[in-house]
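J.: One structure, pasted below without further comment.
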Amino acid sequence: MEKMIPKHVAIIMDGNGRWAKQRGLKRSEGHLKGSLVLEDLVVHAKKRGISMLSVYAFSTDNFKRPKEEVDYLMNLFIKMFTTKFKRLMKENVKVVFSGRREGLKANVLKAMDQIVEKTTDNTAITLNICLNYGGQEEIVDAVNKIVKDVKCGNLSLDTIDKHSFYHYLYQDLPPVDFLIRTSGEQRVSNFMLYQMSYSELYFTNTFFPDFDEEQFDIALAEYERRNRTFGEVK
Ligand code: FPP
């Protein structure tokens, strides 16, 4: 029988701080290791035939963290998008972003725009990096875009439905089939709320910096065992 592969996988990359603490390291070391793991996971996801991978890199609420940590993460993002991601380019990975641009500094936005532009024609897998992202914020922003389009006469109210609503989200990606959250927490934390209506959820105690290709395969094997009914009787 053919393997059941999720088309769109989303990962809440949690536990970087605890991973570092366990080893007597600074929290930033956990984020750094996490960034290397992410690179490997994208390549692995491509190998497994997954066509979309969304990752929660920085929530709108993460700005409440100490300035030192926020600054570290922003610089790590810049470094990743400008240098490290060359490997992703070679692997034919298309990078897109979800989240609010307002609130992000010009150098971060520049690095984001660069990687988007450089990878725009790539086709093997789409990596959707959620940065300055909130799920409720995404829905509110979509509603505001709809209101604007209706006011301008570009959209008539009776054409909006649950499918066309996707066009107004930050990225017009298909629903999330499989959500993975690392580090033992069992909550969705304002992540992709609209896209997750029928997602299968997978929680593992492994901290994200230890979530390697083998762990990913264990999660995918669990997805294969799930019986997705979408509310029907099957
Ligand atoms: C949550 O762990 C993790 C984050 C807020 C940052 C995620 C960022 C990366 C994995 C870096 C690489 C990403 C990109 C896109 C280059 P936590 O700090 O909340 O861990 P804790 O719950 O153990 O404190």
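J.: Could you tell me which numbered condition Glu39 fails, if it satisfies all but one of (1) more than 7 Å from the ligand (Cβ to nearest atom); (2) touching a residue at least 12 places away in the same chain (Cβ under 8 Å); (3) in contact with an Asp or Glu (Cβ under 9 Å, 6 or more places away or on another chain); (4) not aliphatic (A, V, I, L, M)?
T.: Glu39 satisfies every listed condition except (3).
J.: Working only within the stretch 1-15, note down all residues that are open to solvent by less than 100 Å² (accessible area, probe 1.4 Å) and either within 7 Å of the ligand (Cβ to nearest atom) or at pLDDT below 95 (or both).
T.: Met4, Met13, Asp14, Gly15
J.: I'd like to verify a number: residues in the stretch 1-13 that are in contact (Cβ under 8 Å) with a residue 40 or more places away in the chain and part of a loop (DSSP other than H, G, I, E, B), how many?
T.: So the answer is 6.
Yes or no, residue by residue, for (1) without any contact (Cβ under 8 Å) to a residue 60 or more places away in the chain; (2) in a strand (DSSP E or B); (3) touching an Asp or Glu at 6+ places or on another chain (Cβ under 9 Å); (4) open to solvent by less than 20 Å² (accessible area, probe 1.4 Å):
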site	(1), (2), (3), (4)
Val95	yes, yes, no, yes
Gly103	yes, no, no, no
Val108	yes, no, no, yes
Ala111	yes, no, no, yes
Lys118	yes, no, no, no
Thr126	no, yes, no, no
Leu131	no, yes, no, yes
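J.: Further question on the same structure: Among the numbered conditions (1) open to solvent by 60 Å² or more (accessible area, probe 1.4 Å); (2) touching a residue at least 60 places away in the same chain (Cβ under 8 Å); (3) more than 10 Å from the ligand (Cβ to nearest atom), tell me where Thr83 comes up short.
T.: Failed condition: (2).
J.: Tell me, yes or no, whether the stretch 16-32 has at least one residue that is among the polar types (S, T, N, Q), surrounded by fewer than 19 Cβ atoms within 10 Å (Cβ to Cβ) and within 15 Å of the chain's Cα centre (by Cα).
T.: Checking the stretch 16-32: not a single residue is among the polar types (S, T, N, Q), surrounded by fewer than 19 Cβ atoms within 10 Å (Cβ to Cβ) and within 15 Å of the chain's Cα centre (by Cα).
J.: Right, something else. Among residues belonging to the stretch 176-234 that are without any contact (Cβ under 8 Å) to a residue 24 or more places away in the chain, away from the ligand (no atom under 14 Å from the Cβ) and not in a loop (DSSP other than H, G, I, E, B), point out the one that is surrounded by the most Cβ atoms within 10 Å (Cβ to Cβ).
T.: Gln215
J.: Another question, then. Of all residues in the stretch 58-71, how many are more than 10 Å from the ligand (Cβ to nearest atom) and crowded, with 18+ Cβ neighbours inside 10 Å?
T.: Result for the stretch 58-71: 1.
J.: Scan the stretch 14-33 and tell me whether some residue there is touching a residue at least 40 places away in the same chain (Cβ under 8 Å), over 27 Å from Arg101 (Cβ atoms) and outside any helix (DSSP H, G or I).
T.: Within the stretch 14-33, one or more residues are touching a residue at least 40 places away in the same chain (Cβ under 8 Å), over 27 Å from Arg101 (Cβ atoms) and outside any helix (DSSP H, G or I).
J.: Would you mention how many residues in the stretch 135-170 are crowded, with 17+ Cβ neighbours inside 10 Å, assigned to a loop (DSSP other than H, G, I, E, B) and not hydrophobic (A, V, I, L, M, F, W, C)?
T.: 1
J.: Moving on. What's the total number of residues in the stretch 43-57 that are touching a helix residue (DSSP H, G or I) at 6+ places or on another chain (Cβ under 6 Å) and either within 12 Å of the ligand (Cβ to nearest atom) or not in a helix (DSSP H, G or I) (or both)?
T.: Going through the stretch 43-57 one residue at a time, the tally reaches 1.
The values are calculated or read from the model by the stated rules, or taken from the named source; none is laboratory data. If you're wondering where the values come from, they're calculated on a predicted model, not measured in any experiment. All Cβ positions, glycine included, derive from the backbone under ideal geometry; neighbour counts span all protein chains shown. To get the accessible areas, we keep the full protein, side chains included, count just its heavy atoms, and leave off ligands, DNA and RNA. Shrake-Rupley method; radii C 1.70, N 1.55, O 1.52, S 1.80 Å.
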